[in-house]
Amino acid sequence: QVQLVESGGGLVQPGGSLRLSCAASGSIFRLYIMDWYRQAPGKQREFVARITNNHSTNYADSVKGRFTISRDNAKNTAYLQVNSLKLEDTAVYYCYTPTLGVWGQGTLVTVSS
């Protein structure tokens, strides 16, 4: 059973940055499509970004130009660099692989002054 474990969340001021990590078990991570989603308090979970197994990326309009998704297949890890954070970016951030239908447990990002 593949497991995804997120880390890197925390409390940050508006305009700040964080790097979220998603570590995956399994020896064929390089074949997985990896997504990041987020769920703000009282809202539905929403798509944030995707990176395919050939490193193609796409983003939600709300984060384009501020967030960057990447992966390091040697480390079985996907990343989400989140810059220029806004109050409305506060959410639990989840990684997900649609290749296997597996979710991580989430990491909380709180943007507050």
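Remarks
- Charge context of THR57, other residues only, Cβ under 11 angstrom, K/R +1, D/E -1: +2
- Among ALA24, ALA78, ALA60: highest mean-square fluctuation, GNM of the chain, C-alpha pairs under 10 Å: ALA60
- Within the accessible surface of the chain, defined with a 1.4 Å probe on protein heavy atoms only, the carbon and sulfur portion equals 48 percent.
- Solvent exposure ordering (accessible area, 1.4 Å, most first) of GLU88, GLU46: GLU88, GLU46
- Convex hull volume of the chain per residue (C-alpha atoms, cubic angstrom): 88
- Here is the list for segment 24-113: trypsin sites (Lys or Arg not before Pro) lying in DSSP coil, each with at most 15 other C-beta atoms within 10 angstrom of its C-beta, are LYS43, ARG45, LYS64, ARG66, LYS86.
- Structural descriptor for the chain: relative contact order 38 percent, calculated from alpha carbon pairs under 8 angstrom and at least 6 residues apart.
- The phi torsions of segment 87-101, fed into the Karplus equation with coefficients 6.51, -1.76 and 1.60 and a -60° offset, translate into couplings of 3, 6, 7, 4, 4, 8, 9, 10, 9, 8, 10, x, 4, 10, x Hz, rounded to whole numbers, with Gly and Pro shown as x.
- Rounded accessible area per residue of the chain, 1.4 Å, Å²: 52
The values are calculated or read from the model by the stated rules, or taken from the named source; none is laboratory data. Everything numeric in this text was worked out from a predicted model, so none of it was measured. Note that we place each Cβ from the backbone using ideal geometry, even for glycine, and neighbour counts take in every protein chain shown. Keep in mind that these areas ignore ligands, DNA and RNA; they rest on the heavy atoms of the full protein, side chains included. Shrake-Rupley method; radii C 1.70, N 1.55, O 1.52, S 1.80 Å.
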